[in-house]
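Notes follow once the structure below has been shown.
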Amino acid sequence: MGKYVKTNGIRLHYIDHPGRGPVLILMPGLTANAHFFAGIVKAGLVPSLHMLALDLRGRGESDQPESGYSMADHAADVLGLMDQLGLDQVVLGGHSFGGLLTYYMAAHFPNRVSKCVVIDAPAEVDPTVLEQIKPSLARLEIVSPSWEDYLVWVKAMPYYTGWWDPTIEEFYRADVKVNPDGTIQARSRPQNIRAAVEGLLEINWPETVKKIHQPTILLRSVDPFGPPGYPPILPEDKAKKTMTYLSDGRLLEFAGNHITFLFGKTAKEITQAILSFVLENR
């Protein structure tokens, strides 16, 4: 169920997936929204957990302020959400940018985070990763005459060659708005996403991750991502390097690329891994 809360001067949108277990907050990637986690929700993540999926500021149905896209700003939004909902401590996780935000919050607010679920986010951020996500960033500039045309463009992105899962359409439908003239375009404004990129590049990620003492799982996709010739978004050597920074980290690897591995058959495997980790020792 979609809900809103006032936090840190903005209105933040989140989807509440009720469950009987611990609260898990999941934060999406750089240009994504809360519906991105539909694949693992349908694979059975709830009701064993009570999951809250967020639209970070500037994305989805959350407010889009002109400024305030540093990691500290994003963290303040999430802390405000937790305070409003009376959540002293949660299991925190996220995909890509959301995974980096998980690292940041676990390091800086350790009393608010019990465990970390990091999905395809390295402890060393290489600026060249922007080339791998270039099609996703380009999507923000596209104005299509109809939803059908927009979806054709999306399916042609290199991430989806030879693959499509209808479940992912839930994410893309939630990601667009209808203009007064009937055309379709992404909700997120490119300038806000660029500001978020600038904010993440300001952080010394290895030193940040070294401060994390909470149990952490890092879920890695093993297939290439982006234009032809590019490696996985989290190459094996960088994943192993990330493990050396974590005092209590576990690395799990799954078939699929940075996006596709969260849907279909692999989503079931990832869901079981998350459940086993979160419910461990309870």
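The values are calculated or read from the model by the stated rules, or taken from the named source; none is laboratory data. The structure presented is a predicted model; accordingly, all values stated were derived computationally and were not measured. Glycine gets a Cβ as well: all are built from the backbone with ideal geometry, and neighbour counts include every protein chain shown.
Please go through the stretch 82-93 and pick out each residue that is surrounded by 20 or more Cβ atoms within 10 Å (Cβ to Cβ) and charged (D, E, K, R). Correct list: empty.
Find the helices (runs of 4 or more DSSP H) located wholly in the stretch 86-162 whose residues include 1 or more that are at pLDDT 95 or above, under 17 Å from the mean Cα position of the chain (by Cα) and within 17 Å of Glu202 (Cβ to Cβ), and list them. The helices (runs of 4 or more DSSP H) meeting that bar are 97-108. The strands (runs of 3 or more DSSP E) falling completely within the stretch 178-282 that include 2 or more residues that are free of Cβ contacts under 8 Å to residues at least 40 places away in the same chain and either touching a helix residue (DSSP H, G or I) at 6+ places or on another chain (Cβ under 8 Å) or among the β-branched types (Val, Ile, Thr) (or both) map to 249-254.
The set of residues in the stretch 200-227 that are within 21 Å of Ala138 (Cβ to Cβ), surrounded by 18 or more Cβ atoms within 10 Å (Cβ to Cβ) and touching a Lys or Arg at 6+ places or on another chain (Cβ under 9 Å) contains only Gly226.
Checking the stretch 247-270 against the condition returns a match, with at least one residue being more than 30 Å from Pro47 (Cβ to Cβ) and modelled with pLDDT of 95 or more. Looking across Val117, Val129, Val152, Val176, one residue alone is within 27 Å of Thr266 (Cα to Cα), in contact with a Gly (Cβ under 8 Å, 6 or more places away or on another chain) and not small (Gly, Ala, Ser). It is Val117. What residue, among those in the stretch 122-147 that are without any contact (Cβ under 8 Å) to a residue 40 or more places away in the chain and either in contact with a strand residue (DSSP E or B) (Cβ under 9 Å, 6 or more places away or on another chain) or of a type in the set (Val, Ile, Thr) (or both), is surrounded by the fewest Cβ atoms within 10 Å (Cβ to Cβ)? The extreme case among them is Thr128.
The residues of the stretch 207-233 that are modelled with pLDDT of 95 or more and not β-branched (Val, Ile, Thr), listed by number, are Glu207, Lys210, Lys211, His213, Gln214, Pro215, Leu218, Leu219, Arg220, Ser221, Asp223.
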